[in-house]
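Enquirer: Please see the structure below; I have some questions.
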Amino acid sequence: MKIALVGGGGFRAPIVWEALAELGPPAAVTLLALHDVDDDRLARVGAVVEGLRRERGGGPAVVTTTSLDAAVDGASAVLCSIRVGELDARVVDERVPLDHGVLGQETVGPGGICFALRTIPAVVDVARVVAARAPSSWFVNFTNPAGLVTEAVRGVVGDRAVGICDSPAALCARVAHALGRDARELDFDYAGLNHLGWLLAARAGGTDLLPGLVADDRRLGAVEEARLVGLGAVRALGAVPNEYVVYYERTGEVVDELRRRGTTRAEVLLPQQSRFYERRDDDPAAALAAWRRAKDERFDTYMAEARDHDTTSPPHPTGDGAEAPDAGDAGYASIAAAFVRAVAGGAPATLTLDVANRGRIPALGDDDVVELPSDVGAGGVAPRPVSRLPAPLEELVVRVKEVERNTLAAVTQRSRARALDALASHPVVPSRDVAERILLGYLAAFPGLARRLR
């Protein structure tokens, strides 16, 4: 089976190869086509993957190409993980709002909106090629903001598009750990949007174990997401949030921390990854070692601006001396591999995916993309019924979905006015006047965006 990875010169491509290499019949991957617009990045990542193949003693063959047609032809699934403008653009996405005292974050708030405005046209172009060259393939989107980009792609390839984020799986793993259970023993009830969702229940044999966890300070304190937003807030709602909810709940604290540090997340990542890509030794073993060093640096600084406030519990809150699990960068790839295995006729899986709502969250439309546990198998993808979100959470989801609708409309209508509406209506933006100043900053920094939006 052939898989294509669009954005194959990206930093996570070797992790994807590692996950796909674990698949066996009937989902065994024989060829991974890495596509990128940058030959140098492809060569560098290709050397890393060759290092992994030699270390492993085999695995899927890899081809690198700048031809999208060649990459997707014959692919059973197309994985898409691109970053328009690379990390230099992400620096602008995050820096412009922060300079106005507003949250500067990759997917939440203005940064996510600008990221989407630049990215959606490019990913839709990819989807059109996939629809023409590999119409029976699955389109698996990693590209952020994942839910919004997936919704745009569905307009081209329909139900064969799904989005992946590893945050819900990591949350469920940590809750299972805090409960002293194997995550495979539990049925998780989770609902929301990408980077704005909550775990509503964790059932074993029909019994919901979440209320007992929420009532127990020590065990709840083992769940990092609960510590991030505060145990009292979790207890009041009876639901455990996705880690990104911290950017809505403690916006001011995070902004203060970012300004105190003087650097955004992208400004930390840029020199780390630049050092990796700028090296020109393509010896596979050396490339693999350099990539692993950069990967460890990257992981160590993940969400540091929010996590530095996490001082509410001891290092091992469960008392067993074991760290709670964390999917890290491998999470995306492992979920994608489980998806590929299931749709290829291997073991069915229940995965939390970005999919069409189909009435699961009553306050949203059927075609709105939401993030839900979904049953995946050879017959396709079916979102599971979920519990209703508590009223304040549902109201927040509805509000952010309206931001997403305005963002999509800004792209399709090429409209500055709709882009401003999206920025002004986001919960972390204090006023329309501030939103206008942020938009002007983005248009000045991105001439292509300024030309696109009229």
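Enquirer: The chain: Rg/Rh from Cα coordinates, Kirkwood Rh?
Expert: Ratio of gyration radius to Kirkwood radius: 0.94.
Enquirer: Okay, next question. Relative contact order for segment 353-454: what is it in percent, counting Cα pairs under 8 Å that are at least 6 residues apart?
Expert: 16
Enquirer: Take Glu278 and Glu22, extend 7 Å from each Cα along the Cα→Cβ direction, and tell me the distance between the two endpoints in nm.
Expert: So the two model labels end up 3.5 nm from each other.
Enquirer: Can you run phi through the Karplus equation (6.51, -1.76, 1.60; θ = phi - 60°) for segment 42-58 and list ³J(HN,Hα) in whole Hz, with x for Gly and Pro?
Expert: 4, 4, 5, 5, x, 5, 4, 5, 4, x, 5, 4, 5, 5, 7, x, x
Enquirer: So what's the net charge close to Pro135: Lys and Arg +1, Asp and Glu -1, counting the other residues with Cβ under 14 Å from its Cβ?
Expert: That works out to 0.
Enquirer: Asp367: accessible area at probe 1.4 Å, nearest 10 Å²?
Expert: Looks like 100 Å² after rounding.
Enquirer: For the pair Arg454 and Glu436, how long in nm is the line joining their label points, each one 7 Å along Cα→Cβ?
Expert: Each label point lies 7 Å from its Cα, and together they span 2.2 nm.
Enquirer: Considering only protein heavy atoms, what per residue accessible area in square angstrom results for the chain with a 1.4 angstrom probe?
Expert: Using a 1.4 Å probe on heavy atoms only, each residue of the chain averages 37 Å².
Enquirer: Go through segment 108-116 residue by residue and turn each phi into a ³J(HN,Hα) via Karplus (6.51, -1.76, 1.60, θ = phi - 60°); whole Hz please, and just put x for glycine and proline.
Expert: Result, ordered by residue: 9, x, x, x, x, 5, 5, 4, 5 Hz.
Enquirer: Using the per-residue mean of other Cβ atoms lying within 10 Å as a proxy for protection, in what order, highest first, do the peptides 333-341, 374-382 fall?
Expert: Answer by packing, highest mean first, reads 333-341, 374-382.
Enquirer: How much length is gained if the chain between His100 and Ala204 is pulled fully straight, taking 0.36 nm per residue apart and subtracting their Cα-Cα distance, in nm to one decimal?
Expert: 32.7 nm
Enquirer: Enumerate the residues in segment 111-148 having an amide nitrogen under 17 Å from the point lying 7 Å beyond the Cα of Glu249 toward its Cβ.
Expert: none
Enquirer: Karplus couplings for segment 204-213 from phi (6.51 cos²θ - 1.76 cosθ + 1.60, θ = phi - 60°), rounded to Hz, Gly and Pro as x?
Expert: In residue order, the calculated couplings are 10, x, x, 9, 7, 8, 5, x, x, 5 Hz.
Enquirer: Here's a follow-up. Given a cut-off of 22 Å, what percent of all Cα-Cα pairs of segment 92-188 lie beyond it?
Expert: Of all Cα-Cα distances in segment 92-188, 48 percent exceed 22 Å.
Enquirer: At a 1.4 Å probe, what is the % contribution of carbon and sulfur to the accessible area of segment 57-97?
Expert: 51
Enquirer: Could you work out the local net charge near Arg41, counting Lys and Arg as +1, Asp and Glu as -1, over the other residues with Cβ closer than 13 Å to its Cβ?
Expert: -2
Enquirer: Now, a different point. Quick one, what does Rg over Rh come out to for segment 224-280 if you take C-alpha atoms and the Kirkwood Rh?
Expert: 1.19
Enquirer: For segment 154-307, which whole percent of the accessible surface, found with a 1.4 angstrom probe, sits on carbon and sulfur atoms?
Expert: C and S fraction of accessible area: 48 percent.
Enquirer: Can I ask one more? May I ask you to compute the full-extension gain from Glu402 to Arg54, defined as 0.36 nm times their residue separation minus their alpha-carbon distance, rounded to one decimal in nm?
Expert: The span from Glu402 to Arg54 would gain 120.4 nm if fully extended.
Enquirer: Which whole-number percent gives the relative contact order of the chain, counting Cα pairs below 8 Å spaced six or more residues apart?
Expert: 18
Enquirer: In deg cm²/dmol, rounded to 500, what helix-only [θ] at 222 nm does the chain give when every DSSP H run of at least 4 residues adds -39500 (n - 2.57) and the total is split over its residues?
Expert: Helices in the chain give a 222 nm mean residue ellipticity of -15500 deg cm²/dmol.
Enquirer: Which GluC sites (Glu not before Pro) in segment 20-106 sit in a loop by DSSP (not H, G, I, E or B) and have at most 16 other Cβ atoms within 10 Å of their own Cβ?
Expert: Counting only loop positions with at most 16 other Cβ atoms within 10 Å, the GluC sites (Glu not before Pro) in segment 20-106 are Glu22.
Enquirer: Would you pull out the residues with amide H under 5 Å of Ser374's amide H, same chain only if 5 or more places away, H placed 1.01 Å from N?
Expert: Under 5 Å from the amide H of Ser374: Leu351, Thr352, Leu353, Arg384.
Enquirer: Follow-up question, since we're still on this one. Explain nothing, just the number: relative contact order of segment 184-283, from Cα pairs under 8 Å at least 6 residues apart, as a whole percent.
Expert: 20
Enquirer: Averaging over every viewing direction, what projected area does the convex hull of the Cα atoms of segment 59-119 cover, in nm²?
Expert: Reported value for the Cα convex hull: 5.9 nm².
Enquirer: What's the center-to-center distance, using Cα atoms, between segment 361-404 and segment 98-157 in Å?
Expert: Comparing the Cα centres of segment 361-404 and segment 98-157, I get a distance of 18 Å.
Enquirer: Would you please give the residues with an amide H less than 5 Å from that of Asp368, counting only those at least 5 places away or on a separate chain, with H modeled from the backbone geometry?
Expert: Asn357, Arg358
Enquirer: Further question: Compute the length gained on full extension between Thr30 and Asp159: take 0.36 nm times their separation in residues and subtract their Cα-Cα distance, giving the result in nm to one decimal.
Expert: Full extension of this stretch gives 43.9 nm more.
Enquirer: Moving on. If you add up the charges near Gly147, with Lys and Arg at +1 and Asp and Glu at -1, over every other residue whose beta carbon is less than 13 angstrom from its beta carbon, what do you get?
Expert: My count for the surroundings of Gly147 gives -3.
Enquirer: Where the centre of each part is set by its Cα atoms, how far does segment 440-454 sit from segment 258-279, in angstrom?
Expert: Spelled out, the Cα-based centre of one part sits 24 Å from the other.
The values are calculated or read from the model by the stated rules, or taken from the named source; none is laboratory data. Bear in mind that the values here come from a model prediction, so they are computed numbers and not experimental data. Virtual Cβ from ideal backbone geometry, glycine too; neighbours counted across all protein chains shown. With ligands, DNA and RNA removed, areas are computed over all heavy atoms of the protein, side chains included. Shrake-Rupley method; radii C 1.70, N 1.55, O 1.52, S 1.80 Å.
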